[in-house]
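Engineer: Got a structure for you, questions after.
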Amino acid sequence: MKSPRRRAREFALQGVYQHLLSGNSAPRVEEHAESVEGFSKADLALYRAILRGTIDQLDELSALVAPLLDRKLDELSPVERAILLIGAYELKDHIEVPYRVVINEAIELAKAYGGTDGHRYVNGVLDKLAASLRAVEVAARAQGAGGESN
């Protein structure tokens, strides 16, 4: 059974995807999502924070992710692009969520909604981003694991 937080991230992914393809505003995306069956089981506050934060900071988040890619951001599938932007938003603005949780949630979204190996790509990019945005947390984890990194 999916947690309310996982459901929130799934709905946020759908909303960011919709925004990327149609340009619909966050309020319009929210209106649509909130009418979908099963939405009531999602963590509403997390959903809104991720959706609005990602859409509001789209240019900044794109600038953080773009240098870590092996191609242009707009050449990624819209699903992987949306997942990377959501992951970047959470890494940047939700430091209360451990970086490994952010990355794992993004991987799970990519496995469920992305291409065949999209989850590996998402993992690699967000690992690099975490190393810069959450350097202290990543270093502490490496020290705690005997210097090993994941």
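The values are calculated or read from the model by the stated rules, or taken from the named source; none is laboratory data. For clarity, every value in this text was computed on a predicted model and none was experimentally measured. Note: ideal-geometry Cβ built from the backbone for every residue, glycine included; neighbour counts use all protein chains shown.
Engineer: Are any residues in region 30-45 aliphatic (A, V, I, L, M), outside any helix (DSSP H, G or I) and either modelled with pLDDT under 90 or under 9 Å from residue 5 (Cα atoms) (or both), and if so, which ones?
Structural biologist: Matches in region 30-45: 42 only.
Engineer: Does residue 13 fit the bill of being in a helix (DSSP H, G or I), touching a residue at least 60 places away in the same chain (Cβ under 8 Å) and over 13 Å from the mean Cα position of the chain (by Cα)?
Structural biologist: no
Engineer: Any residue at all in region 46-62 that's at pLDDT 95 or above, outside any helix (DSSP H, G or I) and either within 21 Å of residue 123 (Cβ to Cβ) or of a type outside the set (S, T, N, Q) (or both)?
Structural biologist: Looking for residues that are at pLDDT 95 or above, outside any helix (DSSP H, G or I) and either within 21 Å of residue 123 (Cβ to Cβ) or of a type outside the set (S, T, N, Q) (or both), one finds none in region 46-62, hence no.
Engineer: Another one. Quick test for you: out of 89, 17, pick the one residue that is over 26 Å from residue 138 (Cβ atoms), at pLDDT 95 or above and among the hydroxyl-bearing types (Ser, Thr, Tyr).
Structural biologist: Unique residue meeting the criteria: 17.
Engineer: Quick one: would you say residue 135 is under 27 Å from residue 77 (Cβ atoms), among the small types (Gly, Ala, Ser) and modelled with pLDDT of 90 or more?
Structural biologist: Against the criterion (under 27 Å from residue 77 (Cβ atoms), among the small types (Gly, Ala, Ser) and modelled with pLDDT of 90 or more), residue 135 does not qualify.
Engineer: Does any residue of region 50-65 turn out to be within 16 Å of residue 20 (Cα to Cα), without any contact (Cβ under 8 Å) to a residue 12 or more places away in the chain and among the aliphatic types (A, V, I, L, M)?
Structural biologist: Yes, region 50-65 contains a residue that is within 16 Å of residue 20 (Cα to Cα), without any contact (Cβ under 8 Å) to a residue 12 or more places away in the chain and among the aliphatic types (A, V, I, L, M).
Engineer: Determine if region 29-49 includes at least one residue that is under 11 Å from the mean Cα position of the chain (by Cα), within 26 Å of residue 117 (Cα to Cα) and crowded, with 21+ Cβ neighbours inside 10 Å.
Structural biologist: Taking every residue of region 29-49 in turn, none turns out to be under 11 Å from the mean Cα position of the chain (by Cα), within 26 Å of residue 117 (Cα to Cα) and crowded, with 21+ Cβ neighbours inside 10 Å.
Engineer: In region 66-105, which residue that is within 13 Å of residue 129 (Cα to Cα), touching a residue at least 12 places away in the same chain (Cβ under 8 Å) and among the small types (Gly, Ala, Ser) is surrounded by the fewest Cβ atoms within 10 Å (Cβ to Cβ)?
Structural biologist: 88
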